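As structure tokens, the structure follows; a few thoughts come after it.
The values are calculated or read from the model by the stated rules, or taken from the named source; none is laboratory data. Every value quoted in this text rests on a predicted model; they were computed, and no experiment measured them. Note: ideal-geometry Cβ built from the backbone for every residue, glycine included; neighbour counts use all protein chains shown. Side chains are part of the model used for accessible areas, which takes the heavy atoms of the whole protein and leaves out ligands, DNA and RNA. Shrake-Rupley method; radii C 1.70, N 1.55, O 1.52, S 1.80 Å.
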Amino acid sequence: MPDTKPAHNGNLSLALDFGPLLVFFLTYKGAGWFWGASNPITAMSLGTAAFMAAIVIAVIISKVKLGRVSPMLWLSAMLILFFGGLTIYFQDQSFIQIKPTIIYCFFSLMLFGGLLRGKALLKYILQAAYDGLTDEGWRKLSRNWGVFFAAMAVANEVMRQSMSFDAWLAIKVWGVTIVSLLFALANIPMLMRHGLALGNNLDSEEIGETTPPQG
């Protein structure tokens, strides 16, 4: 029988999630350097516009190269376009800063809601990446990421309330991405105890496939 599992490429998935945020960071910083520190609103607007364009391109590439767009990327794209539009219209950076909190809260509630109904929702999103994982492993993985998303939502709110926009953005681009990858790696011993095959699954592509959306 033909293989009906969805195609996946963890390196590409990670690039599609991280790429738009990196575009935002580089455009914002580049515009600030070009126009000077006296015009931060222009830099923010240009960075946000580039962010919105990059996420649309990421969705198109995902559809063309992978044959699908993950629910995480869809949600991230919709929120980036919505809050990015508000950021540019009102010239208020708080709109783009609150978007990660909403994403993290949504996925945390979704995962815990699924567990309360006896379903590990990550199994339906990431099955191609974690082939062979037992139901118990999927439940624990969903629980762990649910806790992680909740913690990240709290952390984002603390950072945006207590830090400058530049400091928040630097931590969002580099710190959050590194923490997410480390957390994905930290789950591997538990996954191996619940059916994850060492030879077939532990490579950079599967790790990239299972990190949360960075946009």
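Here region 37-100 yields Rg over Rh of 1.06, to two decimals, using C-alpha coordinates and the Kirkwood radius. Prolate is the label for region 83-132, because a/c, from the alpha-carbon gyration tensor with a ≥ b ≥ c as root eigenvalues, is 1.5 or above and a/b exceeds b/c. Applying 1/(1 + (r/R0)^6) with R0 = 25 Å to the Cβ-Cβ distance of Asp135 and Leu109 gives a FRET efficiency near 0.70. From most to least packed by mean Cβ count within 10 Å, the peptides 158-168, 142-152, 178-188, 47-57 give 47-57, 142-152, 178-188, 158-168.
Per-residue SASA remark: Val154, around 90 Å² accessible (1.4 Å probe; ligands, DNA and RNA not included).
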